[in-house]
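Trainee: Encoded as structure tokens, here's the structure I'll be asking about.
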Amino acid sequence: MTLWTDPAGPHRRHAPAVSPRRDQTMRRGLLLATLLASLGAGAFAAYSAARSPNGYVIGRPHAQAGLSCARCHDRQQPAQEQCTGCHGPQPSTRAGHRTARASGALRCVDCHEIHGSFGGVALGEGAASRFGHGQAEPIAGLDVGPGVQGVVPVVPAQACARCHDPGDASDPMSRCLDATSTMTLCFDEHRRVDGLTLATGGAQDRIVLWTLAREAIARDPVAPGPRRSDAGLLWGVLAALVFAVLTLRTLLTRERSTARDDLAPDVRPPVRVRLPQIDASTCLGCSACVDACPYDVLALERYVATLVRPNDCCGLTTCQERCPNGSLVVRDGAPIDDRPAVAETLESADVPGLYLAGDLTGMPLIRNAINQGAVAVHSALASGRTPDRPDAFDLVIVGAGPAGLSAALAAKKEGLSFVMVEQGDLAQSIRSFPRGKLVFDQPLSVPLIGDLWLEESTKEDLLRHWTRIVRSEALPLRTRHRVSGIVRDPGGFWVECTTPEGTARFRAAAVVLAIGRRGTPRRLAAPLHPSMEDHVFYSLADARSFAQRRCVVVGLGDVAMEAALALSYTPGTSVVVIARGDDFRRGKARNIDAMRAAEAAGRLEIRWQSTVEAVEAGAVVLDGGARIPAEAVFVMIGAIAPWSFLRSIGVRRAGERKMSPAADPPPGSRVQAGHAGEASGRPPGIA
Amino acid sequence: MNAFEAVPLRGLDEASRARIEAAGRVHRLAPKERLFALGDDADDLFVVLRGRVLLETEAGVLRIAEPGHTLGEEATLGLPRRAGARAQGEAEVFGVSASLLQRAWTRAGGRPAAAAERRRLERAVIADLLRARVPALDGWALDVLLDGATLQTAAAGSHLARAGDPAPAAALVLDGVVHVRPAGSREVERLLTGSDAAGVEAALEGRAWSHDLVAAGACQVAWIRAEALRGGLGPAAARLGDASRARCDARATVLAGMQVGPRPAPVDVHRLARARSLLVIDQDACVRCGQCTRACASNHDDGFARMRRAGPRLLARMGAPTAPASPWLLAQACQHCTAPACLPDCPTAAITRGPDGVVKIDPALCTGCGACAKACPWDAIEMGERRPGTPSPPPPASGAPYEHIAVKCDLCVGTRGGPACAQACPTEALQRVDAARDVVEAAALLGRTLPSVSARPRVWTWTGAVAIPIVLAAGAWGATRHGAGWTPGAGPGLWMGWVAAVALAGSMAYAAMRRLPTGRGPLGLALHGTLGATTLAGAWAHGGGRFVGQPGVFAGVVMLAVGLGLYGLIAYRLLPARLTRIEADAGDERARAPESADALMRAVGGRGEALKRLTAAVLLPYARRFGGGMRLVVSGRSLTQERARLHAQLEASLGPERIARMEGLGEVLATVVTARASRARGVLRALLRGWLAPHVVLSGVGFVLLVVHALTQGAR
């Protein structure tokens, strides 16, 4: 029974840095947004309140007369009845109303709801309009004589309902109600018009006015409502404010999270050997530098960091950056001669038009390789070289590792015509990493340029992403194209490849060489039986695929030891290690200890002082004549550096260059080379 | 006497002396004053400077430490105090972190005397373990066993034994958790914890190990050689492993019951064993508001959050076996371990553990080297920029000032009311628990007894449910009375306006208080909801439900804000449990659809043709079905249940034999149900959280409008 499957534990070699949590960024700016929206809304509301306090609008006749709120309202006291000041005392014509008025029970505003919406009818200049609250609308089709002018206020039935019963037919007011029973149409409240006074012109006019008013009300019973424009405007402004601040907040948050420092990365390969120096008296023994080093150059011995493998130092200052108290300083040493001479543009100092990128330049780490790939393409573009034939490319990229891929993406972005050739498969050296290996993206102070995806991930994730990029960008990748020579003539380059189908030639104006440093794995000198060709391996990606097999590992370097150990832990696998020497001479102490333990436990067998004479079908024959049965042979005896190939195309080491500053190789010179394009050598940035 | 003149501290190099001086402390003890008690947690090692110190147990005085002697060596093994220490007369003792002292000794070339002391302690510890397991173990047999025993301290993930290796000795787990896996595999078959035995038969019969033994976390194992087992125990030796086998089977049942999510996930028993103050979040109550993280950040001057709302989940009961099992998220935050992994790795002993068990980092000693952050298996320590004004160790003459500092949870020591995260949680979903004591399942796995505690009921869920309808009904009643002598400007209408205003101000105060480190009660959300409902009811009654003019706009804004809030309360009540059911794991906030497709390709890759065809024809359309996730939510099935249902359906249509033959089907099914639910997860999260931003903005606007409204109306 299985409880669960353990995840592969991460190799914790760098301390996580505090990063803002999503929970923190999620609500970032909300308080500010609220404040902004509140202030905006408050200011607008205050402004609109000052314009029309409380939403009450002064009725049309009063507004036209230029009355202000304060004319009727006092700050300290409730609304005063101040109508009589302008209108004069207007006693009611009805006895009952007059009595109520005298006792103070009936005031002008009890019937005339000044801020109510019944308003009245205004007649004049040959037209009639129905007004209410603050607005007026014309009544069409009403024939108003030229001399008719006046205002007829309308009293709502509701006002009468305080004393009368509008529903009762016997109530006198029921005769005054309009068709909708919402207002009275008896306008003779204050002026009595009867036969006796009909002769006077004023009364005549009044009757005309009232008649027209009744007709106007019949046509337009509902007075225009209060001006809603303020409220509508307020709603609109509020909605806009809320929308604006919420959007702004989202934008602000997004911008901050994607903002990256746009420092120009330094792509110049190191010129001098740089080695860390440790002040043992101040060293804390915290192993920050040890964990920072991708190549295990440093180790902690008795709680003091020591330089154990100076030859592997890459010259980068990760360790120095991590040292908390400056006990470790990386200092310049002798000049590095073992690297191709390149200009700052990454153009070869020997062969103009040839650009170098990646590990080949002597600058390790995937991140640097990606940067260099992009920079090389940009320099090639800036040099202005153009193809001399219609079928020629702008660029040939040799090697499909991190640098080559990055160069291809940059070239595609710049619209160059190019082809990418690779002797093996995409990112071959990353493919040969152990299964599930965590590819460390050293969080250096190196910004990433170029478009190639890079994050701390497992080898499989990295490959998957890169394969997807090649497919989605339709990069012209020619795999299994092994570059046999690069010939330069005045018009450009011929890149010659051998392929499984034969040979291929590409004409290009410029070449980006991103073949890494590892070179070609060193092969066995012994004869190899054809049936065993598919059973000889130069790297071990997944030991589990060799379960239940008999394996032979040739070599005793770190790579060979790690492979042998991984195989020995696989169930049912028998492992024989063939070593030339008689004891462990080099390699990490950790590996040597594990090898000794594994040998003692009988997990593997080491044949000392042996060499392989031949690989026959199903067996390896040693120099002593011993036959070791083998279903898989791992040859891990180092690699041939790509120098002979580089020399063949005219690229020389910095050291050689100093001794004889010769000119370009003669144009048209042609040297067959043993090396083939291969991306990135020693695992860059892998820990 | 100067501490460095004492024999154990002589001959140290300058750097070590400076560090010991900075981290160490001189204890002046009055006669009979206690230095430490039996069973205390031990991190410090002591050197007697003056006077005498008695080491005693219940049995009596073990030894008398004189000036120059060391005491408390159990700290070097990470064990609790095995004896109490008391001053005889007046005494002066220099105490310093044992790990720092060991570093100093190693730098100076080792100290043989310490090794002898260590060996003595190891024997004593193994003897205790054996006595507990084998009754009536006499002195001679014990001696034989102890002579053949060695103690191994293994790092997390290291192999204690590999299948196929000869087994000359049996393993007794002293502390920590060990995974038993088949050869070369990562599948965990059994789980060994404290005092379990492994490999007894193999050792006695001279066989090889049949399984790999891997340390799940840092652990201590006693190896007892086969000869010693035979010699010391005789025929009884064979029975040594019986009890642990039974315990392993019981554990498997408990572990199966703790699984949340569609695929069996590792249960970090090691973490449960170590955690003294584990930050757990009940996923059925957690509304994913992130208030805990923000409160944490705002409660610390540097603004760094010490916790992250992500981590593994497990189904467990808190407090009592009768409590309902809930899915708990083990959030990423310092859990103040019983044997902290970070503590011995600190080169300057900046990490200390108080008598209350709180693990602290002293900024005045922290160099920001990151060793502790790397040592913590759960990423609870992170490195941050050191702010100006933070205490710092003096930089070396040549070096720059220390730029970084280790940041981790300090349990908000000094904050009234305890950790800010727990105080800030609006739904009381977040708790700090002692896993081995409070989690029923953890106690069962670790063989501890559980004190009977009853779980606290959550208040907010029912308070709001009762109060809100009542208040709203009151508002509706008020609104209907309008026109019958009820106006906003006077009488009860005006009073309702005042009620609404006061309630609005009150619920705004809740929002303001959320930004303070203290003063958040468990009643907060219920009170806030009730006040909000009161605002709504009051405003409604005050205005009579008419939205006219500027007061109408104001009423509309307030009612919209409050309405959103009331929706939120309902969403808080209903959605979290549904969301939890369809979450694959708590860390999947970042999961996107393409990632799921990736996961599916990975699950199918390398499997049989039949499975690939089935995936393409049936499972992929199933995963991509539009609205499938919401259908899952509505059905109420969890991803686990959905996976089982899918499996049953496939069996019914294809036949059980064909399904059984498909290798890797389980993983593919888990992936497709997760993918199917992915969009629904997003929708539920948006429903759960999306209302808050407009609620807050509109509430702020409403409050300002209230002020304007009150001023202008008051002016009338």
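The values are calculated or read from the model by the stated rules, or taken from the named source; none is laboratory data. If you're wondering where the values come from, they're calculated on a predicted model, not measured in any experiment. Don't worry about glycine lacking a Cβ; one is built from the backbone with ideal geometry, like all the others, and counts go over all protein chains shown. Quick note on the areas: whole protein, heavy atoms, side chains included, nothing else; ligands and nucleic acids left out. Shrake-Rupley method; radii C 1.70, N 1.55, O 1.52, S 1.80 Å.
Trainee: Restricting to segment B:292-303, give me the number of residues that are closer than 17 Å to B:V413 by Cβ and open to solvent by 40 Å² or more (accessible area, probe 1.4 Å).
Mentor: Taking segment B:292-303 and keeping what is closer than 17 Å to B:V413 by Cβ, we get B:295-302.
Then drop every residue that is not open to solvent by 40 Å² or more (accessible area, probe 1.4 Å), which leaves B:298, B:301-302.
Adding up the residues that qualify gives 3.
Trainee: A further question on this structure: Quickly run through segment B:255-275 and pick out the residues that are within 14 Å of chain A (Cβ to nearest Cβ), closer than 30 Å to B:E642 by Cβ and open to solvent by less than 40 Å² (accessible area, probe 1.4 Å). Can you show your working first?
Mentor: Quick first cut of segment B:255-275, residues within 14 Å of chain A (Cβ to nearest Cβ) only: B:255-271.
Then keep just the ones that are closer than 30 Å to B:E642 by Cβ; that gives B:255-269, B:271.
Matches in segment B:255-275: B:L255, B:M258, B:V260, B:G261, B:P262, B:A265, B:V267, B:V269, B:R271.
Trainee: Residues to consider are B:L62, B:L79, B:L54; find the one that is of a type in the set (A, V, I, L, M), in contact with a strand residue (DSSP E or B) (Cβ under 7 Å, 6 or more places away or on another chain) and modelled with pLDDT under 90. Steps first, please.
Mentor: Numbers: B:L79 fails: in contact with a strand residue (DSSP E or B) (Cβ under 7 Å, 6 or more places away or on another chain); B:L54 fails: modelled with pLDDT under 90.
Only one candidate qualifies: B:L62.
Trainee: For segment A:1-92, please list each of the helices (runs of 4 or more DSSP H) lying entirely inside it that holds at least 1 residues being modelled with pLDDT of 75 or more, farther than 30 Å from B:S185 by Cα and of a type in the set (A, V, I, L, M).
Mentor: Working: elements: A:22-26, A:30-51, A:60-64, A:69-72, A:84-87.
It comes to A:22-26, A:30-51, A:60-64.
Trainee: Restricting to segment B:83-115, give me the number of residues that are at negative phi and modelled with pLDDT under 85. Write out each step before concluding.
Mentor: Step one: filter segment B:83-115 for residues at negative phi, giving B:83-108, B:111-115.
Now narrow it down to the ones that are modelled with pLDDT under 85: B:111-115.
Total meeting the criteria: 5.
Trainee: Same structure, new question: Output the residues belonging to segment B:317-332 that are open to solvent by 10 Å² or more (accessible area, probe 1.4 Å), among the aliphatic types (A, V, I, L, M) and in a loop (DSSP other than H, G, I, E, B).
Mentor: B:A320, B:A323, B:A325
Trainee: If the requirement is being within 22 Å of B:L445 (Cβ to Cβ) and over 34 Å from the mean Cα position of the chain (by Cα), which of these qualifies: B:V173, B:V178, B:V200?
Mentor: On the way: B:V173 fails: over 34 Å from the mean Cα position of the chain (by Cα); B:V178 fails: over 34 Å from the mean Cα position of the chain (by Cα).
None of the others qualify; the one that does is B:V200.
Trainee: Counting just the residues of segment A:274-293 that are out of contact with any strand residue (DSSP E or B) (no Cβ under 8 Å at 6 or more places or on another chain) and facing chain B (nearest Cβ under 7 Å), which one comes out surrounded by the fewest Cβ atoms within 10 Å (Cβ to Cβ)? Before you say what the answer is, go through the steps one by one.
Mentor: Kept after step one, since they are out of contact with any strand residue (DSSP E or B) (no Cβ under 8 Å at 6 or more places or on another chain), are these residues of segment A:274-293: A:281-282, A:284, A:286, A:288, A:291-293.
Applying the additional criterion that residues be facing chain B (nearest Cβ under 7 Å) yields A:281-282, A:284, A:286, A:288, A:291.
Working: A:S281: 13, A:T282: 20, A:L284: 24, A:C286: 27, A:A288: 30, A:D291: 23.
Looking at the filtered set, the residue picked out is A:S281.
Trainee: Let me ask something additional. Give me the residue from segment B:691-716 that is under 39 Å from the mean Cα position of the chain (by Cα) and farther than 17 Å from A:W235 by Cα and, out of that set, farthest from the other protein chains (Cβ to nearest Cβ). Give the derivation first.
Mentor: Going residue by residue through segment B:691-716, those that are under 39 Å from the mean Cα position of the chain (by Cα) are B:691-700.
Adding the requirement that they be farther than 17 Å from A:W235 by Cα leaves B:691-693, B:696.
Details: B:W691: 12, B:L692: 8, B:A693: 6, B:V696: 5 Å.
Taking the candidates together, the pick is B:W691.
Trainee: Also: Within segment B:1-51, which residues are part of a loop (DSSP other than H, G, I, E, B), within 14 Å of another protein chain (Cβ to nearest Cβ) and surrounded by 16 or more Cβ atoms within 10 Å (Cβ to Cβ)?
Mentor: Of everything in segment B:1-51, just one residue is part of a loop (DSSP other than H, G, I, E, B), within 14 Å of another protein chain (Cβ to nearest Cβ) and surrounded by 16 or more Cβ atoms within 10 Å (Cβ to Cβ), namely B:L12.
Trainee: Additional query: In this structure, is B:T348 in a loop (DSSP other than H, G, I, E, B) and among the β-branched types (V, I, T)? Write out each step before concluding.
Mentor: Numbers: in a loop (DSSP other than H, G, I, E, B): yes; among the β-branched types (V, I, T): yes.
So B:T348 fits the description; yes.
Trainee: Would you tally the residues in segment B:259-300 being hydrophobic (A, V, I, L, M, F, W, C) and closer than 20 Å to B:R181 by Cα? Walk me through it before giving the result.
Mentor: Here is the first cut: in segment B:259-300, the ones hydrophobic (A, V, I, L, M, F, W, C) are B:260, B:265, B:267, B:269, B:272-273, B:275, B:278-281, B:285-287, B:289, B:292, B:295-297.
Add one more test, that the residue is closer than 20 Å to B:R181 by Cα, and what stays is B:265, B:267, B:269.
Counting residues in segment B:259-300 that are hydrophobic (A, V, I, L, M, F, W, C) and closer than 20 Å to B:R181 by Cα gives 3.
Trainee: So, one more: Does A:L354 satisfy the criteria of being in contact (Cβ under 8 Å) with a residue 12 or more places away in the chain, within 24 Å of A:A504 (Cα to Cα) and surrounded by 23 or more Cβ atoms within 10 Å (Cβ to Cβ)?
Mentor: yes
Trainee: Out of all the residues in segment A:300-321, which are within 14 Å of chain B (Cβ to nearest Cβ), without any contact (Cβ under 8 Å) to a residue 60 or more places away in the chain and not in a loop (DSSP other than H, G, I, E, B)?
Mentor: Matches in segment A:300-321: A:L300, A:E301, A:V304, A:A305, A:T306, A:C319, A:Q320.
Trainee: Restricting attention to segment A:499-543, and to residues there that are aromatic (F, W, Y) and in a strand (DSSP E or B), which single residue is most open to solvent (accessible area, probe 1.4 Å)?
Mentor: Here is the first cut: in segment A:499-543, the residues aromatic (F, W, Y) are A:506, A:537-538.
Next cut, in a strand (DSSP E or B) only: A:506, A:537.
Details: A:F506: 16, A:F537: 59 Å².
Per the stated criteria, the residue is A:F537.
Trainee: A further question on this structure: Can you tell me which residue is farthest from B:G636 (Cα to Cα) among those in segment B:691-716 that are small (G, A, S) and open to solvent by less than 40 Å² (accessible area, probe 1.4 Å)? Before you say what the answer is, go through the steps one by one.
Mentor: Of all residues in segment B:691-716, those small (G, A, S) come to B:693, B:699-700, B:702, B:710, B:714-715.
After this cut, where a residue has to be open to solvent by less than 40 Å² (accessible area, probe 1.4 Å) as well, the list is B:693, B:699-700, B:702, B:715.
Details: B:A693: 28, B:S699: 34, B:G700: 37, B:G702: 38, B:A715: 56 Å.
By that ranking, first place goes to B:A715.
Trainee: Are any of the residues in segment B:333-353 touching a Phe, Trp or Tyr at 6+ places or on another chain (Cβ under 8 Å), open to solvent by less than 40 Å² (accessible area, probe 1.4 Å) and more than 11 Å from chain A (Cβ to nearest Cβ)? Break it down stepwise before answering.
Mentor: From segment B:333-353, those touching a Phe, Trp or Tyr at 6+ places or on another chain (Cβ under 8 Å) are B:335, B:347; that's our starting set.
After this cut, where a residue has to be open to solvent by less than 40 Å² (accessible area, probe 1.4 Å) as well, the list is B:335, B:347.
Of the ones still in play, those that are also more than 11 Å from chain A (Cβ to nearest Cβ) are B:335.
Yes, segment B:333-353 contains a residue that is touching a Phe, Trp or Tyr at 6+ places or on another chain (Cβ under 8 Å), open to solvent by less than 40 Å² (accessible area, probe 1.4 Å) and more than 11 Å from chain A (Cβ to nearest Cβ).
Trainee: Scanning for something under 27 Å from B:A375 (Cα atoms), modelled with pLDDT of 90 or more and within 11 Å of chain A (Cβ to nearest Cβ), does segment B:201-214 turn up at least one residue? Lay out the reasoning, then the answer.
Mentor: Keep residues of segment B:201-214 that are under 27 Å from B:A375 (Cα atoms), which gives B:212-214.
If we keep only those that are modelled with pLDDT of 90 or more too, we end up with B:212-214.
Filter once more, so that each one left must be within 11 Å of chain A (Cβ to nearest Cβ): B:212, B:214.
Yes, some residue in segment B:201-214 is under 27 Å from B:A375 (Cα atoms), modelled with pLDDT of 90 or more and within 11 Å of chain A (Cβ to nearest Cβ).
Trainee: Can you name the condition, by its number, that B:G303 falls short on among (1) over 26 Å from B:P80 (Cβ atoms); (2) among the small types (G, A, S); (3) in contact (Cβ under 8 Å) with a residue 12 or more places away in the chain?
Mentor: Of everything listed in (1) over 26 Å from B:P80 (Cβ atoms); (2) among the small types (G, A, S); (3) in contact (Cβ under 8 Å) with a residue 12 or more places away in the chain, B:G303 misses just condition (3).
Trainee: Hey, can you tell me all the residues within segment B:297-352 that are among the aromatic types (F, W, Y) and in contact with a helix residue (DSSP H, G or I) (Cβ under 7 Å, 6 or more places away or on another chain)?
Mentor: To start, the set of residues in segment B:297-352 that are among the aromatic types (F, W, Y) comprises B:304, B:328.
Listed by number, the list holds a single entry, B:F304.
Trainee: Quick check on this structure: which one of B:L688, B:L650, B:L665 is open to solvent by less than 20 Å² (accessible area, probe 1.4 Å), more than 22 Å from A:L241 (Cα to Cα) and within 14 Å of another protein chain (Cβ to nearest Cβ)?
Mentor: Within the list B:L688, B:L650, B:L665, the selection yields B:L688.
Trainee: Does segment B:379-389 hold any residues that are assigned to a loop (DSSP other than H, G, I, E, B), open to solvent by 20 Å² or more (accessible area, probe 1.4 Å) and within 11 Å of chain A (Cβ to nearest Cβ), and which are they? Steps first, answer last, please.
Mentor: Narrowing segment B:379-389 to residues assigned to a loop (DSSP other than H, G, I, E, B): B:379-381, B:386-389.
From what's left, open to solvent by 20 Å² or more (accessible area, probe 1.4 Å): B:379, B:386-389.
Correct list: B:D379, B:R386.
Trainee: Give A:D205, A:D194, A:D220, A:D261 a once-over and let me know the one that is surrounded by 15 or more Cβ atoms within 10 Å (Cβ to Cβ) and at pLDDT below 80.
Mentor: Working: A:D194 fails: surrounded by 15 or more Cβ atoms within 10 Å (Cβ to Cβ); A:D220 fails: at pLDDT below 80; A:D261 fails: surrounded by 15 or more Cβ atoms within 10 Å (Cβ to Cβ).
From the options A:D205, A:D194, A:D220, A:D261, the qualifying one is A:D205.
Trainee: A:I640 is checked against (1) open to solvent by less than 30 Å² (accessible area, probe 1.4 Å); (2) β-branched (V, I, T); (3) in contact with a strand residue (DSSP E or B) (Cβ under 9 Å, 6 or more places away or on another chain) and fails just one. What number does that condition carry?
Mentor: Evaluating A:I640 over (1) open to solvent by less than 30 Å² (accessible area, probe 1.4 Å); (2) β-branched (V, I, T); (3) in contact with a strand residue (DSSP E or B) (Cβ under 9 Å, 6 or more places away or on another chain) leaves (1) as the failure.
Trainee: Tell me yes or no: at least one residue of segment A:453-468 is hydrophobic (A, V, I, L, M, F, W, C), modelled with pLDDT under 85 and closer than 24 Å to A:S379 by Cβ.
Mentor: At the first step, the residues of segment A:453-468 found to be hydrophobic (A, V, I, L, M, F, W, C) are A:453-454, A:462-463, A:466.
Going one step further and asking which of them are modelled with pLDDT under 85, we end up with A:453-454, A:462.
Retained after the next criterion (residues that are closer than 24 Å to A:S379 by Cβ): A:453-454.
Yes: one or more hits.
Trainee: Next question, about the same structure. Return the residues of segment A:587-599 that are of a type in the set (D, E, K, R), surrounded by 13 or more Cβ atoms within 10 Å (Cβ to Cβ) and more than 19 Å from A:A630 (Cβ to Cβ); say none if nothing qualifies. It would help to see each step written out before you state the result.
Mentor: Within segment A:587-599, the first condition is being of a type in the set (D, E, K, R), and the residues that meet it are A:588, A:590, A:593, A:596, A:599.
Among the residues that remain, those that are also surrounded by 13 or more Cβ atoms within 10 Å (Cβ to Cβ) are: A:588, A:590, A:599.
Within segment A:587-599, A:K588, A:R590 meet the criteria.
Trainee: Could you please let me know if A:A566 is of a type outside the set (K, R), in contact with a helix residue (DSSP H, G or I) (Cβ under 7 Å, 6 or more places away or on another chain), surrounded by 17 or more Cβ atoms within 10 Å (Cβ to Cβ) and farther than 30 Å from A:P527 by Cβ? If you could, list the steps in order and put the result at the bottom.
Mentor: Values: of a type outside the set (K, R): yes; in contact with a helix residue (DSSP H, G or I) (Cβ under 7 Å, 6 or more places away or on another chain): yes; surrounded by 17 or more Cβ atoms within 10 Å (Cβ to Cβ): yes; farther than 30 Å from A:P527 by Cβ: no.
Here the answer is no, as A:A566 does not meet what is asked.
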